[in-house]
Ligand SMILES: Nc1nc2c(ncn2[C@@H]2O[C@H](COP(=O)(O)OP(=O)(O)OP(=O)(O)O)[C@@H](O)[C@H]2O)c(=O)[nH]1
Ligand SMILES: [Mg+2]
C-alpha cells in the first residue's frame, strides 16, 4: 500500500463495494488531514506526573523529553521530526533563539526554569525522523495545577 491518499481511496472503494456508509465522515476527515500542508499535532495533556513526557518519548523511540519524579515540563515543548537536530526557544516577548541541545533542560525543566523565570513561550525540538512519525509533531505540555518545583524538591519543607 502506497501513500495515505491511496490507502484512503482503497478504504472508500471497499466501503462502496460493501455498501458501508457509516465511515464516510471519518474518511472525509482523514482526507482533510492528509491534504493539509505541514504536520499534524499530537498533544498530550494531563495531570502533572501522569507520564506525558514519558509517553511521547516512547512514541518517538528516544529519550529526548526530560522526565522525572518531581514536576518537570515547565514550558510547552514541541517535538518535530526532521533531518537535522536543533532546539529553538520562543520567548514571551516574541524573540526566538536557537540553543544547544544540552541547554534544552534549562528551559523545559521546572527545576532549572522555576516558574518559567526565563520567560519562554515554547521550546521547539527537532530531531532526525524515525520513519513511523513522519507527518506528526508531538506537543508536550506542563500538567495543569503544576505546583512550584520548590515545594516538591526533596528535603524542602
Ligand atoms: N511505573 C511507571 N512509571 C512511569 C510510567 N510513565 C512514566 N513513569 C514515571 O513517572 C514519572 C513522571 O513521568 P513524566 O513523563 O515526567 O510525567 P509528566 O506527566 O511529563 O510530568 P510533568 O511534566 O511534571 O507534568 C517519571 O519518574 C517516570 O519515569 C509508566 O508507564 N510506569
Ligand atoms: Mg513532562
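Table for the structure above
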{"read-out": "Sites residue 36 and residue 115 - FRET efficiency at Förster radius 30 Å, r taken between beta-carbons, to 0.05", "value": "0.25"}
{"read-out": "For the chain, built as a Gaussian network whose Cα springs stay under 10 Å, the top-fluctuating residue of 69, 133, 87", "value": "69"}
{"read-out": "Cα-based helix-to-principal-axis angle, 24-35 vs the chain, degrees rounded to 10", "value": "60"}
{"read-out": "Inter-probe distance in nm under a simple model that places probes 7 Å from Cα toward Cβ, at residue 85 and residue 62", "value": "0.6"}
{"read-out": "10 Å binning of all Cα-Cα separations within the chain, expressed as whole percents from 0 upward", "value": "10, 32, 27, 17, 10, 4, 0"}
{"read-out": "Computed over the range 32-71, Cα set: Rg, Dmax in Å", "value": "13.1, 41"}
{"read-out": "Gaussian network model of the chain, springs between alpha carbon atoms under 10 Å - residue of 103, 13, 83 with greatest fluctuation", "value": "13"}
{"read-out": "Per-residue [θ]222 nm for the chain (sum of -39500 (n - 2.57) over DSSP H runs n ≥ 4, rounded to 500)", "value": "-8000 deg cm²/dmol"}
{"read-out": "DSSP-defined beta bridges in the chain - what % are antiparallel, rounded to 5", "value": "55"}
{"read-out": "Per-pair calculated FRET efficiency, R0 = 41 Å: residue 101 and residue 13 via Cβ, rounded to 0.05", "value": "0.35"}
{"read-out": "Selected from 19, 61, 135 as most flexible by GNM, with the chain as the system and alpha-carbon contacts under 10 Å", "value": "19"}
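Read-outs throughout are calculated quantities, based only on the coordinates presented, and are distinct from any laboratory measurement. Treat the numbers as computed from the prediction; the structure is a model and nothing was measured. Here Cβ is always computed from backbone atoms with ideal geometry, including for glycine, and neighbour counts include all displayed protein chains.
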